[in-house]
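No lab work stands behind these numbers, since they all come straight from the coordinates. All figures in this text were calculated on a predicted structure; none of them were measured in a lab. Please note: Cβ atoms are built from the backbone with ideal geometry, for glycine as well, and neighbour counts cover all protein chains shown.
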Amino acid sequence: MFYLGFDVAKAKLDCLLLDTGTGKRKSKSLPNTPAGHAALLAWLAKQQADNVHVIMEPTGVYHEQAALALTDAGVKLSLVNPAQLRQFAQGIGVRTKTDAADSAVLAQYGAAQQPPAWQPPSASVRQLRSLLARRDALAEDLQREHNRAEKATASDTPALVQASLNESIAFLGRELAQLQQAIARHIDDDTDLRGKKELLLSIPGVGERVSDHLTALLAGRTFERAEQLAAYLGLAPVEWQSGTSVRARPRLSKAGPAHLRKLLYLPAVVASRHNPHIKAMYDRLLERGKPKMAAIGAAMRKLAHLCFGVVKTGKPYDPLWASGA
């Protein structure tokens, strides 16, 4: 069996091929381009590495084209959480942090841990993710311009600067509205995406932005249990205690995509007041003396569970079921 550790950078790919049968290793450095991806496949064929498992760290957007090229060619590929990889490296005594060392650790991780194969999202899901990323970036730019305009009105700002701010706000507002319409059309044109979004919107506390992002997540990634989704979002509680003297307060793991956790915060606050299931749990935790932030963290986790539940069952949210009636 062959394991290929695959360290991705913007410009190049550092690879190490580990043959677990003989223990031999071979390394290769290639450009991170379509030509480089094709050359990698040719190199693997030359090494007679037919049964190869590629292990890769997700690196922003720079790993995506390489990952798709390999999976399209029928190669088994796994994406590894960088935090898990660093813990594994420390466990086997590797302290060096270089591209070559990382590719070797990736290959060893694959051989030892046998991570599950990555299933690439559909073209429709990838397009939705791109649209959402652009919309979020524009929304942040628009908010910054609004903040600048507010400061400008409180200071002696030239009329030209104020006019520039107003023009920028108007332009970004139009762009944001057009992107939102494009997202709505894209979801409406895809039966699977439309069905998932309608189910998510049936949950009190879940609005347009949350439903859009979770539609893209749940359509592009497979979760077997609600706990897996919560763990992926970094909402799983982490306890820290030893014996009778070390008892730290449990906290969220905060692993995974921070922007999704941030997106779930306000909906969880709303759900703690208007969602029967989450409100009952939230009130119960406060009655037990739990801090409000801990109760909100639990509400975020329960909201993620409900999102998984409606999509998994294909049934809209039922307040009677949620309240235990």
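Tally the DSSP beta bridges in the chain and give the antiparallel ones as a percent, rounded to 5. Before the final figure, lay out the partial values.
On the way: 19 of 28 bridges.
Approximately 70 percent, going by the DSSP bridge assignments.
List, in the order given, every pair from K10/K76; K12/K262; K28/K254 whose Cα-Cα distance in the structure shown is over 30 Å. Could the numbers behind the result be given before it?
On the way: K10/K76 22 Å; K12/K262 33 Å; K28/K254 35 Å.
Cα-Cα > 30 Å for K12/K262; K28/K254; rest within.
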If you split all Cα-Cα distances of the chain into 10 Å bins from zero, what percentages do you get per bin, shortest first? 5, 20, 24, 24, 19, 7, 1, 0
For the chain, what is the calculated [θ] at 222 nm in deg cm²/dmol (nearest 500), taking -39500 (n - 2.57) for each run of four or more DSSP H residues and dividing by its residue count? -19500 deg cm²/dmol
Would you calculate the separation in nanometres between label points at Q228 and S29, each defined as 7 Å from the Cα along the Cα-to-beta-carbon direction? 3.8 nm
On Cα atoms only, tilt of 258-274 relative to the major axis of the chain in degrees: 30 degrees
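Give me the percent relative contact order of the chain, please, defined on Cα pairs under 8 angstrom at least 6 residues apart.
Details: 413 pairs, mean separation 41.8, N = 325.
RCO, the chain: 13 percent.
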Distance in nm between label sites at A152 and L320, each 7 Å beyond Cα in the beta-carbon direction? 5.6 nm
Using a/c under 1.5 as the rounded threshold, could you call the range 1-94 rounded, prolate or oblate? The axes a ≥ b ≥ c are square roots of the C-alpha gyration tensor eigenvalues, and prolate needs a/b larger than b/c, oblate otherwise. oblate
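Based on Cβ point charges of +1 for Lys and Arg and -1 for Asp and Glu, what charge dipole magnitude is obtained for the range 157-309 about its Cα centre, in debye rounded to the nearest 20?
Details: 22 positive and 14 negative charges, 182 e Å.
Charge dipole, the range 157-309, about its Cα centre: 880 debye, nearest 20.
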Measuring from label point to label point, each 7 Å out along Cα→Cβ, what is the T313 to E287 span in nm? 2.4 nm
To the nearest 10 degrees, how steep is helix 159-189 against the longest Cα principal axis of the chain, on a 0 to 90 scale? 70 degrees
So, for the Cα atoms of the range 123-189, Rg and Dmax in Å stand at 15.3, 50
Is there a quick way to get the dipole size of the chain? I mean about its Cα centre, with the Cβ of Lys and Arg at +1 and of Asp and Glu at -1; what is the value in debye to the nearest 20? 1000 debye
Largest-first ellipsoid semi-axes for the range 211-322, taking √(5λ) over the Cα gyration tensor eigenvalues, angstrom: 24, 18, 12
